Amino acid sequence: MEFLDELKKELDQELEHRRSIFKPNWEKYLDFDYIPKNPLHRKEEIKDISIKLIDSITQRITRNILIYGNPGTGKTMCFKIAMTVAEDYLREKGLENFKIIYVRATGSRVSQAMYDICKNLGINAPKRGISFKEYISYLEEFINGQDNLHSHMY
Ligand SMILES: Nc1ncnc2c1ncn2[C@@H]1O[C@H](COP(=O)(O)OP(=O)(O)OP(=O)(O)O)[C@@H](O)[C@H]1O
Ligand SMILES: [Mg+2]
C-alpha cells in the first residue's frame, strides 16, 4: 500500500509539474490535424502550391507538384494551407463548381484512398473488394456523366 501511495503522490507531482510548463491546450498543437495560423518561412512554398492548384482548376492544365523535405518540415501543412488559400481565392472570384480532396495513400492503402475520393464525390463505390482500375471506372463514369468536368490527381 505504501508503494502505491508513494507512486500516486509522485504521479501527482509529476503531472502538476507538466501542466505548469506546457501551454494550455498543448494537445491541440500536437494533433496531426492542427494547422498553424501563422506558418513561418513557408510563404513562397504555399504560394507556389496555391498557384498550381488554381491553374489546375481554372485552366485544365495538369501541373506536377513534388513536395519534398525531411520529416516534420511542413510538407503536409503547406499543402493543406494552400488548399484553403486556393478554395477561398476561387470562391472569391465566383467559382463554385470545384472540389479539392485531400486523401492519404500510404503503402497498401491506395484502395482506401480511392474509396475516400469516391465518397467525397458522392459516388457509391464499395469500400473493399474492388481493384484500383474499378475505382477509376467509377470515377470516369462520374466525370463523363457531368458537363464540362475534369479531374487532376497529384
Ligand atoms: N513553418 C512552420 N510553422 C509552424 N508550424 C509548422 C511549420 N512547419 C511545420 N509545422 C508544424 O509541424 C508539424 C509537422 O508538419 P507536417 O506534418 O506538415 O510535416 P511533414 O513534412 O508533412 O512531415 P512527414 O514527412 O512526417 O509527413 C505540424 O503540426 C505542422 O503544423
Ligand atoms: Mg506529411
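Restricting to region 35-72, and then to whatever is among the charged types (D, E, K, R) and closer than 14 Å to His152 by Cβ, can you tell me which residue is farthest from ligand 1 (Cβ to nearest atom)?
Going through the qualifying residues, I end up with Arg60.
Say whether the condition of being within 16 Å of ligand 1 (Cβ to nearest atom) and surrounded by fewer than 10 Cβ atoms within 10 Å (Cβ to Cβ) is met by at least one residue in region 3-16.
Taking every residue of region 3-16 in turn, none turns out to be within 16 Å of ligand 1 (Cβ to nearest atom) and surrounded by fewer than 10 Cβ atoms within 10 Å (Cβ to Cβ).
Any residue in region 127-147 that is closer than 16 Å to Ser111 by Cα sitting within a Cβ distance under 8 Å of a residue that is β-branched (Val, Ile, Thr)? List the pairs, counting only those 6 or more apart or interchain.
Matching pairs, first to second residue: Phe132/Val110; Tyr135/Ile117; Tyr138/Ile123; Leu139/Ile117; Leu139/Ile123.
Any residue at all in region 46-53 that is of a type in the set (Lys, Arg), assigned by TED's automatic domain parsing to the domain that holds Met83 and under 18 Å from the mean Cα position of the chain (by Cα)?
Yes: region 46-53 contains one or more residues that are of a type in the set (Lys, Arg), assigned by TED's automatic domain parsing to the domain that holds Met83 and under 18 Å from the mean Cα position of the chain (by Cα).
Within region 22-49, track down each residue that is surrounded by 11 or more Cβ atoms within 10 Å (Cβ to Cβ) and of a type in the set (A, V, I, L, M).
Ile35, Ile46, Ile49
Residue by residue through region 17-32, note down the ones that are of a type outside the set (Phe, Trp, Tyr) and near ligand 1 (Cβ under 9 Å from one of its atoms).
Across region 17-32, the qualifying residues are Leu30, Asp31.
I'd like to know if region 32-41 contains one or more residues that are of a type in the set (Lys, Arg) and in contact (Cβ under 8 Å) with a residue 12 or more places away in the chain.
No, every residue in region 32-41 fails to be of a type in the set (Lys, Arg) and in contact (Cβ under 8 Å) with a residue 12 or more places away in the chain.
Being within 16 Å of ligand 1 (Cβ to nearest atom), surrounded by 10 or more Cβ atoms within 10 Å (Cβ to Cβ), at negative phi and not polar (S, T, N, Q) narrows it down to one of Lys127, Lys119, Lys75, so name that one.
Selected residue: Lys75, the only one of Lys127, Lys119, Lys75 that is within 16 Å of ligand 1 (Cβ to nearest atom), surrounded by 10 or more Cβ atoms within 10 Å (Cβ to Cβ), at negative phi and not polar (S, T, N, Q).
So is Ile54 assigned to a helix (DSSP H, G or I) and within 16 Å of ligand 2 (Cβ to nearest atom) or not?
In short, no.
The values are calculated or read from the model by the stated rules, or taken from the named source; none is laboratory data. On a predicted model such as this, the values are computed, not experimentally measured, just so you know. All Cβ positions, even for glycine, are placed from backbone atoms using ideal geometry, and neighbour counts span all protein chains on display.
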